[in-house]
Structure formats: structure tokens, C-alpha cells
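Chemist: There's a structure below that I have some questions on.
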Amino acid sequence: MNRSFLTATNTMTQLQKQMDTIGHNLANVNTHGYKKRDIQFSELLYQQFENPTSDQNAIGRLTPNGIRQGVGAKIGQTMLNLSTGAVQVTDRPLDLALTKQGQFLEVLVEENGIQVPHVTRNGALYLSPLNDGTNQVALVTAEGYPVLDTDGEPIVFLDQFKDMTISTDGQLTVNRQDGQSQQFDLSVLQVDKPQLLNPIGNNVYGLPNLEELGLAEEELFTQLVGDNRANIAITQGALEQSNVDVATEMSDLMIAQRSYQFNAKSISLADQMLGLVNGIR
């Protein structure tokens, strides 16, 4: 089989994955807190073909004998880009924007009947009433995932309140109608190794199994508690937009499509060349 077929096919499959990733980025351009993924390509292994000639020791030859032929390219790495997006002011009390890179809210997601902590950058929060007859509400995300406090517990309070405020260091204050107030510290994580986060959908990321990776918890993230609360940067009444640049994504998409067409054309030309060879009598 013509080696052009193998080289082009290997590259085309990887280019298709790149276009899928770009399409996913563009589809989430209006998703609050979404972080795009960047792709880097690397070359596959080269193969050495020896073609010695009678004049291999001739004076003036600058290159060694033999041909090094590649077999295509592959996606070397898909990286989560944590650069912050623009802040959109909404003036809604339950909207918050994390304005520092790498900080995430901790939420509770049910997986296989088990409640597991996950993280998200989407700060569009809501109040969900509890069906236990206690007139309490829980602070949840748009998908209904409970938001956790620094003790790892869902934030729950009576629905008889006047207003609420969220400070820049992530403290939620609920002012009740009787003049009293309740304070909750939102659980905010500083993720140091974002490439280990597992996307599970709905703009939520799961934490990996640290035992399998041989990592300690503090190597992956830091829970901002105590004096570290001063490092939290939250803006109430605003939402962080996605960090997807439409112009950049469209440029990358056109380059990927042109590369795909080029490799497809090389297959067509190689097929025509084989047809000419087979037609020689």
C-alpha cells in the first residue's frame, strides 16, 4: 500500500478530533465560566530508509545517505485553558464571578448513587426548596448541584430572609426578617494541576483518584480556608463569561479544515498514481 495513504489517514483522524474540540469551544462561547481547551500537535515516529548510492563517498555531499520518512502527526496534548473571561454585570444577588485564575466553587454531584464533590466556575446560583417540611432552601447551581461550605456540607437556611450578600472572600451572609443573620463560607478551591480535572458535563469538573495517580491532595488543589480566604476574589452581581475567542477559534478551524483537505487530496493523488502504474503494460 502506498505510504501516502497511511500518513494522510493518521493525520486526518487527529485533525477531525481537533475540529471536534474547536466546535465544542464555539458551542460554549456563551456558557458562563466555561474554560476552552487548546490542542498541541506532535509528530509521529520517523522511519529510516537506506538508499546507498555508488557515489556515497563523493566530495560535496552535505546530507547522509538514507531517507527519513514520517508517518503523520497526532494530538500531543489537550490542555484546559484557565485564563479568566470577561465579567458581565447582572446585578442579581445570587450571581457571582470568580475573578482569579484557577479558583473553583465546590459542589456536590451524585454519581452512581453516591454524593461526590466536584468543582465549577459557573457562578449562576439559585435557591432550591427542600421537600422535608422545614421551609428551608439550599443554595444550588443551575443544574441543581448543592454548593458546599468549607466543612463540606450543603448550604441550607430558612427561606424567611430579607436579603443576602456575598463578600469578596466568599462569605455568604443571609439577613433574616427577624433582624438576625447567618454566615456561610463558600468552599473555594485553588486548583494547581488543572490538567488532571475530569470534565463530566454541565461545566462541572470531577477530581481524579489521587491514590491511582500517587499524588497527595495538596499537590492537586488547595482549599482556601483561614488566612487563605484573603486570596479569594469574588464579585457579587456578576458572572464570568467564557474565555473562548471566536476569532481565534474560527481561524484555527479554517487551518484545520485546509489541512484536512490537503491530506484528503494527497490520498486522491496517490490513488491516481497507483492507477497509472497499474495501467503500464
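FYI, it's all coordinate maths here, none of it is from the lab. Quick caveat: nothing in here was measured; it's all calculated off a predicted structure. Virtual Cβ from ideal backbone geometry, glycine too; neighbours counted across all protein chains shown.
Chemist: Which ³J(HN,Hα) values, rounded to whole Hz and listed in residue order, are derived for segment 15-21 from phi using the Karplus coefficients 6.51, -1.76 and 1.60 in 6.51 cos²θ - 1.76 cosθ + 1.60 with θ = phi - 60°, glycine and proline given as x?
Modeler: 5, 5, 5, 5, 5, 5, 5
Chemist: Only residues of segment 1-37 count here: report those whose backbone N is under 14 Å from the spot 7 Å along Cα→Cβ of ASN278, or say none.
Modeler: 1-2
Chemist: Next question. About its Cα centre, how strong a charge dipole does the chain have in debye, to the nearest 20, once Lys and Arg get +1 and Asp and Glu get -1 at the Cβ? List each step's numbers first, then the result.
Modeler: Details: 18 positive and 32 negative charges, 373 e Å.
Using Cβ point charges on Lys, Arg, Asp and Glu, the chain gives about 1800 debye.
Chemist: Okay, moving on. For the chain, modelled as a Gaussian network with Cα springs under 10 Å, which listed residue fluctuates most, ALA247, ALA142, ALA238?
Modeler: Its mean-square fluctuation being the largest, the pick is ALA247.
Chemist: With the crude spin-label approximation of a point 7 Å out along Cα→Cβ, what separation in nm comes out for TYR126 versus LYS17?
Modeler: With each label placed 7 Å out from Cα toward Cβ, I get 3.6 nm.
Chemist: A further question on this structure: For segment 185-199, take each phi angle, set θ = phi - 60°, evaluate the Karplus expression 6.51 cos²θ - 1.76 cosθ + 1.60, and give the result in whole Hz per residue in order, putting x for glycine and proline.
Modeler: Rounded to whole hertz, the list is 9, 4, 7, 10, 10, 9, 8, 9, 10, x, 5, 8, 6, 9, x.
Chemist: Which one, ASP227, ASP192, ASP149, has the greatest fluctuation when you compute a Gaussian network model over the chain with C-alpha springs under 10 angstrom?
Modeler: So, out of ASP227, ASP192, ASP149, the one fluctuating most is ASP227.
Chemist: For the chain, modelled as a GNM with alpha-carbon contacts under 10 angstrom, which of GLU240, GLU106, GLU217 fluctuates the most?
Modeler: The residue that fluctuates most here is GLU217.
Chemist: Report ³J(HN,Hα) in whole Hz for each residue of segment 235-243, in order, from the Karplus equation J = 6.51 cos²θ - 1.76 cosθ + 1.60 where θ = phi - 60°; Gly and Pro get x.
Modeler: 10, 7, x, 8, 10, 7, 7, 5, 9
Chemist: Hey, another quick one. For segment 87-240, what is Rg from Cα atoms divided by 2.2 N^0.38 Å, rounded to two decimals?
Modeler: On the way: Rg = 15.6 Å, N = 154, 2.2 N^0.38 = 14.9 Å.
Against the compact-globule rule of thumb, the ratio is 1.05.
Chemist: Aspartates and glutamates near LYS17 by alpha-carbon distance under 15 Å, same-chain residues fewer than 8 away left out - which ones?
Modeler: Within reach: ASP38, GLU249, ASP252.
Chemist: Could you tell me whether segment 123-179 comes out rounded, prolate or oblate from its Cα gyration tensor? Rule is a ≥ b ≥ c as square roots of the eigenvalues, rounded for a/c under 1.5, then prolate if a/b exceeds b/c, otherwise oblate.
Modeler: Here segment 123-179 falls in the oblate category.
Chemist: Moving on to the next point. So, R0 is 35 Å and r is the distance between the beta-carbons of LEU269 and THR31; what FRET efficiency does that work out to, to 0.05?
Modeler: Numbers: r = 42 Å, r/R0 = 1.19.
Taking R0 as 35 Å, the efficiency between LEU269 and THR31 is 0.25.
Chemist: Label points 7 Å out from Cα along the Cβ direction at GLN88 and GLN171: separation in nm?
Modeler: Calculated label separation equals 3.1 nm.
Chemist: Quick check: pseudo-label points 7 Å beyond the Cα along Cα→Cβ at GLU219 and THR248, how many nm apart are they?
Modeler: The answer from the label model is 3.0 nm.
Chemist: If you count, for each residue, the other Cβ atoms within 10 Å and average over each peptide, how do 131-137, 220-226, 181-187, 74-80 line up from highest to lowest?
Modeler: With the highest mean Cβ count within 10 Å placed first, the list reads 181-187, 220-226, 74-80, 131-137.
Chemist: Moving on to the next point. Across the Cα atoms of segment 182-260, what radius of gyration and what greatest pairwise Cα-Cα distance (Dmax) are found, in Å?
Modeler: Calculated on Cα positions, Rg and Dmax stand at 17.9, 58 Å.
Chemist: Hey, what number do you get for the chain at 222 nm if only DSSP H runs of n ≥ 4 count, each worth -39500 (n - 2.57), divided across all residues, to the nearest 500?
Modeler: On the way: 4 runs with 67 residues, N = 281.
The helix-only estimate for the chain comes to -8000 deg cm²/dmol at 222 nm.
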